[in-house]
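Engineer: Structure in C-alpha cells, see below.
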Amino acid sequence: MDIFSDVSSEWLRSLTWLSAIAAGLLLCFWRPRRLHWAALGSVLVYAVANMGAGIYVLSHLGDSRWGGGAEDRLGAPSLGDTPVIGRFLGSLDTLLSGVVDGVNEFIDFRAALPVALEYLAAAGWALVVAVPLGILALIVSYRDAQRRKAEFARYSLQVKELRAELDEIKRRLGYPTAG
C-alpha cells in the first residue's frame, strides 16, 4: 500500500519541511529550555525526511510525478510472427523484450535521478548544518551542567553551614548531637 501515491513532487518537498517544523515545535513545547536541542532535532528530522523522499523516488522509478512517463516507452518488435522462420525466432523475442525492458527502466531511472538527487542533496546540506548545531548544543549543555554543578556545590555548602548552626544551637540548648 503506497500512502504517498497521490502526493505530488511539490507536496513531497513541502512534507519534508512540514515534518521538520512540526518536530522542532514539538521539541520546543516538550523541553522549552532546550531550544538548542530542538533546533538540532528539527534539522535531523529534515535530513531524514529528505533521505526518505529520495529513496521513495528511487523506489518508484516509473512514476509520472518525476518524469517517468515523459518519454515514449520502447516496444520490442515481435519476431515470432515472421512467416516461415518465426517459430525459430521465439527465443529471440524473449531476449529482445528483456533488453527493451532494461532500456525502459534506464530511461525511468534517468528521469527520476535528478529529483532524487535534489532530496538527497538537501539531506546532505541538512547534515552539514547539523554538525555545528550539534557542537553548539553540546557547548550549551556543558555550560548548563557546569552552572548546575556550581549551584549544587553552593547549596551543599549552605546545607553544611546550616547543619553546623543547628548543631551549635542543639549544643547550647543541651540536646545531644548526632554524629
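Engineer: Out of (1) at pLDDT below 95; (2) over 30 Å from G54 (Cβ atoms), what's the single condition that is false for E118?
Structural biologist: Result: E118 fails condition (2) only.
Engineer: State which residue is farthest from G124 (Cα to Cα) when the search covers only the range 1-15 and only residues that are among the aliphatic types (A, V, I, L, M) and surrounded by 15 or more Cβ atoms within 10 Å (Cβ to Cβ).
Structural biologist: V7
Engineer: Among L127, L58, which is within 30 Å of G24 (Cβ to Cβ), part of a helix (DSSP H, G or I), at pLDDT below 90 and open to solvent by less than 80 Å² (accessible area, probe 1.4 Å)?
Structural biologist: L58
Engineer: If you take the residues of the range 16-41 that are aliphatic (A, V, I, L, M) and surrounded by fewer than 17 Cβ atoms within 10 Å (Cβ to Cβ), which of them is nearest to A145 (Cα to Cα)?
Structural biologist: Out of the qualifying residues, it is L35.
Engineer: I've got another one for you. Among (1) closer than 30 Å to A20 by Cβ; (2) open to solvent by less than 80 Å² (accessible area, probe 1.4 Å), which single condition is L89 missing?
Structural biologist: For L89, the failing item is (1).
Engineer: Also, I was wondering about something else. Pairs please, first residue from the range 160-173 and in a helix (DSSP H, G or I), second anywhere and open to solvent by 100 Å² or more (accessible area, probe 1.4 Å) and of a type in the set (F, W, Y), Cβ atoms under 9 Å, 6+ apart in sequence or on different chains.
Structural biologist: I169/Y175
Engineer: Then there's this: Restricting attention to the range 10-28, which residues are within 18 Å of S141 (Cα to Cα) and either out of contact with any helix residue (DSSP H, G or I) (no Cβ under 7 Å at 6 or more places or on another chain) or among the aliphatic types (A, V, I, L, M) (or both)?
Structural biologist: Once the filter is applied, which keeps residues that are within 18 Å of S141 (Cα to Cα) and either out of contact with any helix residue (DSSP H, G or I) (no Cβ under 7 Å at 6 or more places or on another chain) or among the aliphatic types (A, V, I, L, M) (or both), the range 10-28 yields only L27.
Okay, residues lined up against (1) over 20 Å from A38 (Cβ atoms); (2) surrounded by 11 or more Cβ atoms within 10 Å (Cβ to Cβ); (3) in contact with a Gly (Cβ under 7 Å, 6 or more places away or on another chain):
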{"position": "G134", "(1), (2), (3)": "no, yes, no"}
{"position": "A137", "(1), (2), (3)": "no, yes, no"}
{"position": "V140", "(1), (2), (3)": "no, yes, no"}
{"position": "R147", "(1), (2), (3)": "no, no, no"}
{"position": "S156", "(1), (2), (3)": "yes, no, no"}
{"position": "L162", "(1), (2), (3)": "yes, no, no"}
{"position": "L166", "(1), (2), (3)": "yes, yes, no"}
{"position": "K170", "(1), (2), (3)": "yes, yes, no"}
{"position": "P176", "(1), (2), (3)": "yes, no, no"}
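Engineer: Next question, about the same structure. Residue check, R65 against (1) assigned to a helix (DSSP H, G or I); (2) modelled with pLDDT under 70, all met but one. Which one?
Structural biologist: Result: R65 passes all but (2).
Engineer: Any residue in the range 137-148 that is over 30 Å from Y46 (Cβ atoms) and either in contact (Cβ under 8 Å) with a residue 60 or more places away in the chain or among the charged types (D, E, K, R) (or both)?
Structural biologist: Yes, some residue in the range 137-148 is over 30 Å from Y46 (Cβ atoms) and either in contact (Cβ under 8 Å) with a residue 60 or more places away in the chain or among the charged types (D, E, K, R) (or both).
The values are calculated or read from the model by the stated rules, or taken from the named source; none is laboratory data. Computed from a predicted model, the values in this text were never measured in an experiment. Quick reminder, even Gly has a Cβ in these numbers, built from the backbone with ideal geometry, and neighbours come from all protein chains shown. Only protein heavy atoms, including side chains, enter the accessible area calculation; ligands, DNA and RNA are left aside. Shrake-Rupley method; radii C 1.70, N 1.55, O 1.52, S 1.80 Å.
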